[in-house]
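The values are calculated or read from the model by the stated rules, or taken from the named source; none is laboratory data. Being a predicted model, the structure only gives us computed values, none of them experimental. Glycine also receives a Cβ, built like all others from the backbone with ideal geometry; neighbour counts cover every protein chain displayed. For the accessible areas, the whole protein counts, side chains as well, though only heavy atoms, and no ligand, DNA or RNA atoms are used. Shrake-Rupley method; radii C 1.70, N 1.55, O 1.52, S 1.80 Å.
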Amino acid sequence: MTRERKTYASAGVDVDLGNKLKRRIQSLVRQTHGPQVLGKIGGFGGLFRADFRSLRDPVLVASIDSVGTKVKIALAMNRHDTVGADLVNHCVNDIAVLGARPLFFLDYIGAERLEPNVFKQLLRGFARACRAAGCALIGGETAQLPEMYHKGEYDLAGCIVGVVDRKKIIDGRKIKAGDAILGLASNGLHTNGYSLARKILFEKMKLKPGSRLPESTITVGEELLRVHKNYQLLLAKVPAGMIKGLAHITGGGLVDNLPRVLPTKCDAVIETKSWPVPRIFKLLQEKGHVPASEMYQVFNMGIGMVVIVSERDVTRAMSLLSASRTDSSRGERAKTIGRIERGTGKTRLVF
């Protein structure tokens, strides 16, 4: 048996190292567990005993995603807890737009080979974000794939499951002309547009991850590794029924994500001058010679979550969405960034 393990390790897959690392992170993972999590860590499947007695008609909501080429920035900066947290927060937001609260999360790490320090940082990020979201980290998969990735590289994916009472599902069906569109600030690029951002910053501008970002006090790498915000706890402060629609502004930007929640006879009209666009996006547009319309289809442009409410509820919703001083919201005010008009289910940008 020893000989077989050594032979496998010589092919690039160290089974013993993988087992050792998984044992070491058990205490970290347990910090995300409540009484609903059953069984031991490292089993063939995670066990979660859900208690839905407070819900009349519970509906499970699931989503899966990755952080894309943001991983390349983490590799260049040798900092990996950030993308671990990014992955969790992205998934949490994706189910929050339906009104769901997260129950549990599972991760996938595919790597050229396991690097103990990288693995621990990633798990630290997963665990930290799961704890903040009230979400249990109940399992995952770590695959050593030496012929699938370049030396030192890895990729991430995450799957989340949450729950919402059927009557409280937010699906956009009640959106109508005259409703207001509110925007919640992003924390930079979040997890989208990195292929284009890297091309502009590193190829066209000839910057390095450690270079000082123009007109900034931080480096390019620090800017690009800002952690994707979790909006779920902030959104939960708004009474059920007040929010008509939510859109998580990820890949596709405001242009492609808002139509996902619009009725077919409504358009979202966005006033692009109604909020301050962060400097990083202006820099990318200027140095990359990117048309404004494309910027709003690739990047979030400073708006990470869109909230649609009735005009009569704007003041109350703005107050609730601006009241928090948590790390995820940083106390930033929600802003009115547009309105719903009759149309064909599209986003219209007003420059």
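Quick notes on this one:
- Answer residue from region 275-297, given it is open to solvent by less than 40 Å² (accessible area, probe 1.4 Å) and either part of a loop (DSSP other than H, G, I, E, B) or among the acidic types (Asp, Glu) (or both) and is farthest from Lys204 (Cα to Cα) among those: Trp275
- Residues that are within 30 Å of Gly172 (Cα to Cα) and either in a helix (DSSP H, G or I) or touching a Cys at 6+ places or on another chain (Cβ under 6 Å) (or both) within region 204-240 comprise Gln232, Leu233, Leu234, Leu235, listed in sequence order.
- Among the conditions (1) of a type outside the set (A, V, I, L, M); (2) open to solvent by less than 70 Å² (accessible area, probe 1.4 Å); (3) within 22 Å of Glu115 (Cβ to Cβ); (4) not in a loop (DSSP other than H, G, I, E, B), Gly68 misses just one, which is (4).
- The number of residues in region 243-261 being open to solvent by 10 Å² or more (accessible area, probe 1.4 Å), in contact with a strand residue (DSSP E or B) (Cβ under 6 Å, 6 or more places away or on another chain) and assigned to a loop (DSSP other than H, G, I, E, B) comes to 1.
- Counted residues, region 158-202 - those being open to solvent by less than 50 Å² (accessible area, probe 1.4 Å) and within 22 Å of Phe104 (Cα to Cα): 11
Residue by residue, here is whether (1) farther than 27 Å from Cys266 by Cα; (2) of a type outside the set (Phe, Trp, Tyr); (3) at pLDDT below 95 holds:
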position	(1), (2), (3)
Leu284	yes, yes, no
Ser293	no, yes, no
Asn300	no, yes, no
Val307	no, yes, no
Val314	no, yes, no
Arg333	no, yes, yes
Thr336	no, yes, no
Arg342	no, yes, no
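- Looking at Leu189, Leu201, just one residue is in a loop (DSSP other than H, G, I, E, B), among the hydrophobic types (A, V, I, L, M, F, W, C) and farther than 17 Å from Asp313 by Cα, and that residue is Leu189.
- Failed item, numbered, when Gly84 is tested on (1) at pLDDT 95 or above; (2) surrounded by fewer than 24 Cβ atoms within 10 Å (Cβ to Cβ): (2)
- The single condition among (1) part of a strand (DSSP E or B); (2) modelled with pLDDT under 95; (3) among the hydrophobic types (A, V, I, L, M, F, W, C) that Met148 does not satisfy is (1).
- Of all residues in region 7-20, none are modelled with pLDDT under 95, of a type outside the set (Ser, Thr, Tyr), open to solvent by 70 Å² or more (accessible area, probe 1.4 Å) and part of a loop (DSSP other than H, G, I, E, B).
- Evaluation of Arg56 against (1) open to solvent by 10 Å² or more (accessible area, probe 1.4 Å); (2) within 24 Å of Tyr149 (Cβ to Cβ); (3) not in a strand (DSSP E or B) (one fails), failing number: (2)
- Within region 153-167, not a single residue is within 23 Å of Lys40 (Cα to Cα) and not in a strand (DSSP E or B).
- Pair list, Cβ under 6 Å, 6 or more apart: region 51-64 residue in contact (Cβ under 8 Å) with a residue 40 or more places away in the chain, other residue open to solvent by 70 Å² or more (accessible area, probe 1.4 Å): Asp57/Arg166; Val59/Arg166
- Among residues of region 92-101, those that are touching a helix residue (DSSP H, G or I) at 6+ places or on another chain (Cβ under 7 Å), within 15 Å of Lys168 (Cα to Cα) and open to solvent by less than 20 Å² (accessible area, probe 1.4 Å), counted: 1
- Restricting attention to region 207-242, the residues that are of a type in the set (S, T, N, Q) and surrounded by fewer than 21 Cβ atoms within 10 Å (Cβ to Cβ) total 4.
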